[in-house]
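Working notes, structure below.
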Amino acid sequence: MAEQITVVGAGVMGRGIAYVAALAGFKVHVVDVQHRALQSAAKEIASLFQKAIARGQLTPDEAYVAQDRLSYFTDLEKAVHQADFVIEAVPEKAEVKRAVFAALDRHAPEHCVLATNTSTMSPTEIGSYTQRPEAVIAMHFFNPVHKMPLVEIVRGLATADATVARTETVARKMGKDTVTVNDFPGFVTSRLSALIGNEAFYMLQEGVASAEAIDKAVKLGLHFPMGPFELADLVGLDTRLNNLRYLHEKLGEKYRPAPLLEQYVNAGRLGRKTGRGVYDYRGKEQED
């Protein structure tokens, strides 16, 4: 059973993964090349602990012990040299993933599982960046990590059964339910979500209905917990666009990104993280 987890990347997903891992009892190393990102992650994680205390979900002592399990690094080698399990959460760009996994291959212990938190990219391809593809697997967490109950586990062509079993155990210790699927572009959840979200942008572009009306129709008529635009703003329109471009390349025309989505991203309207996406969040308090 993994005792030390290293999370590579201190962005939205990395800090969420680090928080739930520390709560689960793991010793957690968070590593990022940007010191500012680490400072921001530490501040946000501390805020999550305080909110959990306020809601009665944790005692102050429990929060203190869990928070004490977290350490922050800018040096990847130091962060992973004793790791039992690594979860990479860097941007969905092949060249970035390649550089990270080549470094992990050099510095992580032989027994270490190398997991990628990706919503679309192939763990088979990512495994080829290393000399140990049998130890590489995808763990698709959902945002916000501390609220979303699922981890989609994706095995690559060379992923060993033992790697799958260890990954399922780690995810469940974090309090997550799991589904394990085979490697194919978009897996299960992203392939469906990207298609629905992209079609919503085409409908908005065509003037079928307002964003609010489309979201309401999907939530009340199809019983989705969030509308496609609410979800896109939460995930990040740039992330959604990158995913669609990848799926378009791999699966064809039905995933061609809507021009309106591209226009929003070009305008810097990326969703909640920038204060404005399909909806305007400026001056409004964000939910944790």
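The values are calculated or read from the model by the stated rules, or taken from the named source; none is laboratory data. Just so it is clear, the structure is predicted and the values come from calculations on it, not from any experiment. Backbone-built Cβ (ideal geometry, glycine too); neighbour counts: all protein chains shown.
Some observations on this one:
- Residue that is nearest to Lys254 (Cα to Cα), among those in the range 182-229 that are acidic (Asp, Glu) and under 25 Å from the mean Cα position of the chain (by Cα): Glu199
- Candidate set from the range 241-288 (those that are under 18 Å from the mean Cα position of the chain (by Cα) and not in a helix (DSSP H, G or I)); member that is surrounded by the most Cβ atoms within 10 Å (Cβ to Cβ): Gly271
- Residue-level analysis places Gln4 outside the set of residues that are among the polar types (S, T, N, Q), farther than 19 Å from Phe141 by Cβ and modelled with pLDDT of 95 or more.
- Meeting the requirement of 3 or more residues that are touching a helix residue (DSSP H, G or I) at 6+ places or on another chain (Cβ under 6 Å), the helices (runs of 4 or more DSSP H) wholly within the range 125-230 are 189-206, 211-222.
- Cross-chain or 6+ apart pairs with Cβ under 9 Å, the range 249-269 first and of a type in the set (Asp, Glu), then surrounded by 10 or more Cβ atoms within 10 Å (Cβ to Cβ): Glu249/Pro185; Glu249/Tyr255; Glu262/Leu241
- From the options Ser190, Ser128, residue that is within 25 Å of Pro109 (Cα to Cα) and either surrounded by fewer than 17 Cβ atoms within 10 Å (Cβ to Cβ) or in contact with a strand residue (DSSP E or B) (Cβ under 8 Å, 6 or more places away or on another chain) (or both): Ser128
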